[in-house]
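So the structure is just underneath, and the comments pick up after that.
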Amino acid sequence: MSLTVKITKPIFQTLSDLKEEYGFDELGLAVSGGSDSLAMLYICNDWALKNKVKLHCVTVDHQLRSESAKEAELVADHCDGLGINHEIVEWKHERNISGNVSDLARSARYELIDKWRKDLSFVLVGHTQNDQIETFLMNLKRGSGIEGLKGMPLSFKRPEGYFILRPLIHSSRESLQQFLQEKNINWVSDPSNLNETFERISQRKTWEKLKSKGFSESRIELSVAHMRRAHDALKQMLPVHFKQIGKQEVTDLLWDYNGFIALPEEFKLRLVSSAVMWNANLHYRPRFKAVLDVLKNIKEKRATVLGGSVFYHHAGKIRITTEFKSLKDNAINCSRGLVWRNIWEVKREIKGGYIAPIGINGNIQLSKRQRSTMPFRSRVIQPGIFLKEKLLLAPTLDPENSGYLSFCGIKFNDFLKTH
């Protein structure tokens with residue numbers, strides 16, 4: 001078996017397995033010009049020709065280095081030679097970026113890819129075994145638990161709705177560079193890869209030291225696999241536990257206090273974290289210490305707030321609702337088809353009316369029966385239909401007026417299954 005075949009055979013098999021699982025006939029490729037993504041471009045092109053899959057390529061020019069535009073054009077030349085459609089998209093930003101540049105660039109990259117992909121549902125990125133190990137070590141240094149040590153999955157559905165696929169996740173960077181050398185293909189070397197002030201680059205140096213002490217790629221991958229299995233098991237059981245101790249009431253969550261407290265600590269922490277993410281439509285988990293603080297307050301039956309979510313004790317239940325101050329200025333016209341808070345769609349128009357949280361002023365105008373439907377904290381964040389300062393309707397508190405709005409958000413139980 002030739003070196004090229006030895007390198008490409010497992011990647012071909014991974015791509016074929018992904019095609020069998022998802023049934024795609026088109027793929028997007030995010031290619032930067034570095035050795036990893038450039039090898040992915042050529043290997044995927046060879047596989048795609050044999051499997052009748054059409055490829056589209058995008059290069060994100062982050063405009064962080066003077067050479068980036070030229071490097072993007074080099075990728076365009078490679079794609080042109082292979083007959084692959086290619087587009088360059090640019091990250092528009094201020095020249096002097098403050099904060100975590102790596103994180104900002106990554107977020108911008110995926111946002112630009114999402115805009116570029118149009119109807120493409122699957123986009124390949126060139127993350128390798130090396131990236132997996134570096135990520136593992138970075139998260140280990142931070143004291144991460146299962147969430148951080150489970151590594152990067154082969155496939156992952158982005159919040160925007162498309163899938164990221166990583167066909168090189170079990171291939172080493174060194175082998176991919178050997179493949180390119182065999183093919184006489186030159187790649188771009190990013191000088192920032194030598195800058196140890198970047199955490200990922202620092203961990204590359206750490207890994208070299210660890211290998212000299214007997215650590216191996218296969219053992220790290222084995223640990224990642226163990227963590228992923230544990231993560232998947234916990235994820236599968238979380239909706240089961242929620243169903244046993246809680247329910248969703250309109251946009252509130254209600255957990256039986258005693259049932260929640262009796263859960264293993266890991267499930268309590270995961271439910272708190274998931275509730276915050278679901279309630280505020282967050283893509284990333286809140287910090288672990290903040291979740292621990294919330295859990296401590298819940299146990300002591302003290303009201304607490306995290307990420308715009310209020311946790312409070314009421315009638316033997318833990319209620320989770322939205323913090324009023326995060327919604328107080330949120331309003332839309334009561335026009336058919338508009339959506340309030342990304343969860344309530346207007347079904348019946350009221351001319352001149354608008355939708356806003358009921359609030360303190362609206363609460364005064366509610367009837368005694370309406371006020372009895374739920375506690376004050378949960379009631380004031382419900383959608384009210386107003387005409388000037390007058391509360392006309394409170395659809396979620398009145399069954400007879402429920403037809404004015406329709407819930408279009410994701411239910412918490414479904415959220416648990418997909419996040």
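The values are calculated or read from the model by the stated rules, or taken from the named source; none is laboratory data. From a predicted model like this one, the values you see are computed outputs, not experimental measurements. Cβ placement follows ideal geometry from the backbone for every residue including glycine, while neighbour counts extend to all protein chains displayed.
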Of the candidates Gln177, Gln203, the one satisfying the condition of being part of a helix (DSSP H, G or I), assigned by TED's automatic domain parsing to the domain that holds Val75 and closer than 25 Å to Ile11 by Cα is Gln177
Here the qualifying pairs (Cβ atoms under 9 Å; residues six or more apart or on different chains; first in region 133-149 and within 20 Å of Arg173 (Cα to Cα) and in a helix (DSSP H, G or I); second modelled with pLDDT of 95 or more and polar (S, T, N, Q)) come out as Phe136/Ser223
Is there a residue being within 28 Å of Asp103 (Cα to Cα) and touching a Cys at 6+ places or on another chain (Cβ under 9 Å) anywhere in region 41-53? yes
- Considering every residue within region 261-274, establish whether at least one is surrounded by 14 or more Cβ atoms within 10 Å (Cβ to Cβ), assigned to a loop (DSSP other than H, G, I, E, B) and β-branched (Val, Ile, Thr). no
Scanning region 150-183 for residues that are in contact with a strand residue (DSSP E or B) (Cβ under 8 Å, 6 or more places away or on another chain) and touching a residue at least 40 places away in the same chain (Cβ under 8 Å) gives Leu154, Ser155, Lys157, Arg158, Tyr162, Phe163, Ile164, Leu165, Arg166, Pro167
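Residues checked against (1) crowded, with 21+ Cβ neighbours inside 10 Å; (2) over 28 Å from Leu112 (Cα atoms):
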site	(1), (2)
His127	yes, no
Asp131	no, no
Pro153	no, no
Phe156	no, no
Tyr162	no, no
Arg173	no, no
Leu176	yes, no
Phe179	yes, yes
The condition from (1) assigned to a helix (DSSP H, G or I); (2) over 25 Å from His283 (Cα atoms); (3) under 26 Å from the mean Cα position of the chain (by Cα) that Tyr110 misses is numbered (2)
Filtering region 4-48 for residues that are under 23 Å from Ser189 (Cα atoms) and exposed (fewer than 13 other Cβ atoms within 10 Å of the Cβ) leaves a count of 0
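Within region 351-374, restricting attention to residues that are touching a Phe, Trp or Tyr at 6+ places or on another chain (Cβ under 8 Å) and not polar (S, T, N, Q), which residue is farthest from Ser326 (Cα to Cα)?
Gly353
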Scanning region 131-160 residue by residue, the ones that are within 22 Å of Leu15 (Cβ to Cβ) and among the small types (Gly, Ala, Ser) total 2
